[in-house]
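Throughout, read-outs are computed from the coordinates displayed, never taken from laboratory work. Just so it is clear, the model here is predicted, and its values are computed rather than measured. Heads up, the Cβs are rebuilt from the backbone with ideal geometry, glycines too, and the neighbour counts pull from every protein chain shown.
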Amino acid sequence: MSKLGGSKQKKMNSRVDFTPMVDMIMLLVTFFMLCTTLLKPQTMDITMPSDKDDIKEENKSQVAADKAITIILDKEDAVYYFTGKPSEAKLEKTTYGRQGIRKVLMDVNLEAVQKAQALNKEFQSRFSSDPKQDAANQAEYKKRLSEIKNADNTVNVIIKATDEANYQNLLTILDEMSICSVGKFVIDKIQEQDLSMIAELEGK
């Protein structure tokens, strides 16, 4: 004779076992540790005027007139430039970017740009997984790139900024120095003559 009443259902255990997740977490931690170690910080070399005692004061800012470009940064992202001596130069206005001041620098420093690009392709093909060899390749690359940027026939750039230019403008123009393979550049103080040239160009 069957028992009266329904049978009680057995309760299922709803606990989730996270033990297999430990291996996955360890793999993720190892992955991010390796990626962080392999990533190298990107730095930008800045060439500043020499402070050696054997260089006379009047020669510290003296550059060849035919290879000198003065760039003036102003408010509202305005960029002005002229070639040669201020007394004999014509001030031009341009913008940032590929079709602006970058094109100006590329045109006057084309030989160095082409050599730097060829050097970059050469060392890309010489990539080595050996840390020692890779370090040696990087040291050689930096040395040869510096020789290209600082050759006698490369352009000299003088960077000036008005009081109304912002810090981002300066960072942008320094980035252009690296892109255009300019190794000889200085940051100088703005002069009254420079401000007068801007005022004359803008019709103020």
Largest-first principal axis extents, alpha carbons of the range 110-153, Å: 36, 16, 6
Could you go through the range 159-170 in sequence order and give the Karplus-derived ³J(HN,Hα) for each residue, using 6.51 cos²θ - 1.76 cosθ + 1.60 with θ = phi - 60°, rounded to whole Hz, and x for Gly and Pro? 9, 10, 9, 6, 5, 8, 6, 9, 5, 5, 4, 5
How high is the relative contact order of the range 88-204, in percent, with contacts defined as C-alpha pairs under 8 Å that are six or more residues apart? 32 percent
Residue-wise, which Karplus ³J(HN,Hα) couplings in Hz belong to the range 100-112, taking 6.51 cos²θ - 1.76 cosθ + 1.60, θ = phi - 60°, and x for glycine or proline? x, 5, 5, 5, 4, 5, 4, 5, 7, 10, 4, 4, 5
Across the range 89-97, in residue order, what do the Karplus-derived ³J(HN,Hα) couplings come to in whole Hz, using 6.51 cos²θ - 1.76 cosθ + 1.60 with θ = phi - 60° and x for Gly and Pro? 9, 10, 6, 10, 10, 9, 10, 7, x
Amide H of Asn156: which non-local residues (sequence gap of 5 or more, or other chain) have their own amide H closer than 5 Å, using H built in the peptide plane? Ala68, Ile69
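Using the 10 angstrom Cβ neighbour count as an exposure proxy, how do Asp188, Asp163, Asp74 rank, fewest first? All intermediate terms of the calculation are to be shown ahead of the outcome.
Values: Asp188 14, Asp163 8, Asp74 21.
Placing the least packed residue first, the sequence is Asp163, Asp188, Asp74.
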Given H placed 1.01 Å from N in the peptide plane, which residues other than close sequence neighbours of Ala161 have an amide H under 5 Å from its amide H? Leu73, Ile190
